[in-house]
Amino acid sequence: MGVIETDAYSEDAALIGERQAAARALMAHPLLTRRAHPAEFSLVRAHAEWLVQRFQRVLAYRLTVADDHARLVKRGAAASTTAPFTRRHGAPFTPRTHTYLALALAVLVERDGDTTLRALAADVRAAAHEARVDADPGRGLGERRAFCAALALLVRLGVLDEVSGTVRDHETDASADPGLRADAQAARAVAVHLPRASDDADSFLADAADHDPDSDHQGEIALRRRLAETAVVYREELPDRQRDRLAAHQWRAAAALGNLLGCDTEIRAEGVALVMPDGAPDGTRFPSDDPVGQVALALVRHVSGRLHPGRPATSVPVPDRDLDAALDTLGGPDAAVRGEWARTAGPEVPDPERLRARVLDLLTDLGLLRGGPGEWRLTAAAARFGADVDDRIPRIQDNDDDGRTLPAKPRGSGDEHGAPEPPADPRGDLSRVTSVLQAVANEKVSATSGDPGDQ
C-alpha cells in the first residue's frame, strides 16, 4: 500500500482560502448566525482567532464569535457605503418599518425559544404603549405590512426562524399565525452602536463615521475601510489628505486587504477597485445571463465606446436620448432578441418600460451609472467591462453639421460667447497622477516593509 504524500503548500493555500472566504462572508453579512448561514458560520468558528486578530489589525473592526452567531462591528464605515434595509421587492424601509424593527428587537432581546407571530405582535403592541409610541401591528393592512417587513428582515438575519408557516402568510392574511423561534443572543447583536441619552440623530451619525481623521495611522485605517467597503474609490472624490494617503499607501493597503480578503486590486489613474474572487459581497452577479443583465452589459459596452473621453476621467455625461436610443435597440418592443428570450425557458422577460427601469436601477446600484434623468453619468468603472459600439444603435445628431453624439472641441477652445472652456480637472487631481505612478515602482518594493496586516 503506497504512502499518500501531501503538498504542504497546497494545505497552506487551502487554509488561507478558507480564512479569506470567512472574512469575505463577514464583510457581506456582519451578523452571521448558525441558522441563517450555517456553512459560513462554521468557517468563521473554525478560524475565529485568526479573523479576530486580522480584522482588528487591518480595519480596526471588532469581531465577536459566540456559539451560535458571529458579529463584526464595523466602526467608521463611510455613510455612502451603508446600504439601507430593504423589503422583499427592494423598496427601502420606511420610518414606520424601522419603528417596528426597533420595537421587535426590544421584545426579542428578552425572549428565547418558540412563539407565534400574533403573540409577538401583542408584545410589540404592549412595548409601543409603554414607550408611548403610536404603533399597533393589528391596526390595518399598512401597519401589518410594515410589521411583517421588519420581521422578514429578522428572519434573514437569523434572529427569527420560521418553524411553521411564513411571515408572508400573516402579511397577506391577518388570521394566519405562523410559528417562530427566537434567538435572544442574536437579537442583542443586531444593534451594536446604541445611542446615548444625550445624542440626537446628527451627532450620533457624525460620531459613527470619521472619513478624514487627523492621525496618519487612523487616516490609513479609514482609507482601508473605504477601499474594503466601496466598489470603486475615485481619487478626485476623496478629501485632500485621504487622496495624498492613497497615493502614498495604495500598495500597502492593497497588500493588507488582499491578505485578509483574498481580493485583487486594480489601481488606475482614476482610482482603486477591489475585485473579489466570488463576485459582489451581496451575491449580485454581473454580467448575468438574464435579459436585464444582458441588456445592461450591452448598454455599458456601447456607451463606454461611444462616449470614451480619451483621457483619465471619473465620469462622463450620458444624454438621455442616447440612453433611450440604446435601450430601445437592445431591448425595446421591436428588438430581435425578445423573440429569443421568449423561446427560452429562462427568467421572466420584462416589458420594455420595466426592462429599462430595471437596467438603469441595476447599473446605478453597481455604481456604473450615476445621477438620474437629465443628469446621467457613466463612471470610469464601466470601462472594465469593455467598449464595443453597437452599430445598430443610431447616432444622435446635435446639429446639422456633426453626426457625433458629443462633438469634441479643440483643447482650450471657447463656446459661442468666447468664454474659455472650463478645465476638465478643476482641482488638479488627475494631473497629479503622473507623479503618483512614477512613485509606484518604489512603493511596490517598499510595500511590505511596513505592516500589511500579515505580520
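Details
- Restricting Asp136, Asp212 to residues that are in a loop (DSSP other than H, G, I, E, B), under 30 Å from Leu366 (Cα atoms) and not hydrophobic (A, V, I, L, M, F, W, C) narrows the list to Asp212.
- The selection criterion, being surrounded by 15 or more Cβ atoms within 10 Å (Cβ to Cβ), without any contact (Cβ under 8 Å) to a residue 12 or more places away in the chain and not in a loop (DSSP other than H, G, I, E, B), does not hold for Arg354.
- Some residue of the stretch 100-116 being crowded, with 17+ Cβ neighbours inside 10 Å and more than 25 Å from Arg34 (Cα to Cα): no
Here's the yes/no breakdown for (1) basic (Lys, Arg); (2) without any contact (Cβ under 8 Å) to a residue 40 or more places away in the chain; (3) not in a helix (DSSP H, G or I):
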{"residue": "Ser42", "(1), (2), (3)": "no, yes, no"}
{"residue": "Arg96", "(1), (2), (3)": "yes, no, no"}
{"residue": "Arg111", "(1), (2), (3)": "yes, no, yes"}
{"residue": "Leu120", "(1), (2), (3)": "no, no, no"}
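- Count of the stretch 289-317 residues which are among the hydroxyl-bearing types (Ser, Thr, Tyr) and outside any strand (DSSP E or B): 2
- Residues located in the stretch 179-200, provided they are closer than 17 Å to Ala119 by Cβ, not in a loop (DSSP other than H, G, I, E, B) and not hydrophobic (A, V, I, L, M, F, W, C): Gly179, Arg181
- Considering residues of the stretch 161-178 that are over 25 Å from Ala70 (Cα atoms) and either basic (Lys, Arg) or not in a loop (DSSP other than H, G, I, E, B) (or both) only, the residue nearest to the chain's Cα centre (by Cα): Arg168
- Residue ID - farthest from Asp320 (Cα to Cα), chosen from residues in the stretch 362-380 that are surrounded by fewer than 20 Cβ atoms within 10 Å (Cβ to Cβ) and free of Cβ contacts under 8 Å to residues at least 60 places away in the same chain: Thr364
- Some residue of the stretch 270-290 being in contact with a Pro (Cβ under 9 Å, 6 or more places away or on another chain), buried (at least 16 other Cβ atoms within 10 Å of the Cβ) and farther than 30 Å from Ile221 by Cβ: yes
- If you check Ser164, Ser203, Ser215 for being in contact with a strand residue (DSSP E or B) (Cβ under 9 Å, 6 or more places away or on another chain), loosely packed, with under 14 Cβ neighbours inside 10 Å, small (Gly, Ala, Ser) and not assigned by TED's automatic domain parsing to the domain that holds Ala60, only one passes: Ser164.
- Residue within the stretch 211-223 that is at pLDDT below 75 and either hydroxyl-bearing (Ser, Thr, Tyr) or closer than 30 Å to Val316 by Cβ (or both) present: yes
- For the stretch 9-59, the set of residues classified as among the small types (Gly, Ala, Ser) and under 28 Å from Glu220 (Cβ atoms) consists of Gly17, Ala21, Ala22, Ala23, Ala25, Ala28, Ala48, listed by residue number.
- Contact map, the stretch 334-350: first residue among the aromatic types (Phe, Trp, Tyr), second residue in a helix (DSSP H, G or I) and at pLDDT 70 or above, Cβ cut-off under 8 Å, separation 6 or more or different chains; pairs are Trp341/Pro291.
- Yes/no for Gly310 being within 29 Å of Met276 (Cα to Cα) and surrounded by fewer than 18 Cβ atoms within 10 Å (Cβ to Cβ): yes
- The stretch 125-154, subset in contact (Cβ under 8 Å) with a residue 40 or more places away in the chain and among the aliphatic types (A, V, I, L, M), residue surrounded by the most Cβ atoms within 10 Å (Cβ to Cβ): Leu151
- Screening Val190 against (1) under 23 Å from the mean Cα position of the chain (by Cα); (2) without any contact (Cβ under 8 Å) to a residue 12 or more places away in the chain leaves a single unmet condition, (2).
- Identity of the residue in the stretch 318-351, aliphatic (A, V, I, L, M), assigned to a helix (DSSP H, G or I) and in contact with a helix residue (DSSP H, G or I) (Cβ under 6 Å, 6 or more places away or on another chain), that ends up surrounded by the most Cβ atoms within 10 Å (Cβ to Cβ): Ala326
So that you can scan it fast, the table gives a plain yes or no per residue for (1) assigned to a strand (DSSP E or B); (2) modelled with pLDDT of 95 or more; (3) among the acidic types (Asp, Glu); (4) not assigned by TED's automatic domain parsing to the domain that holds Arg156:
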residue: Pro84; (1), (2), (3), (4): no, no, no, yes
residue: Thr99; (1), (2), (3), (4): no, no, no, no
residue: Leu105; (1), (2), (3), (4): no, no, no, no
residue: Asp114; (1), (2), (3), (4): yes, no, yes, no
residue: Ala128; (1), (2), (3), (4): no, no, no, no
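The values are calculated or read from the model by the stated rules, or taken from the named source; none is laboratory data. Predicted model only: the values in this text are computed from it and were never measured. Don't worry about glycine lacking a Cβ; one is built from the backbone with ideal geometry, like all the others, and counts go over all protein chains shown.
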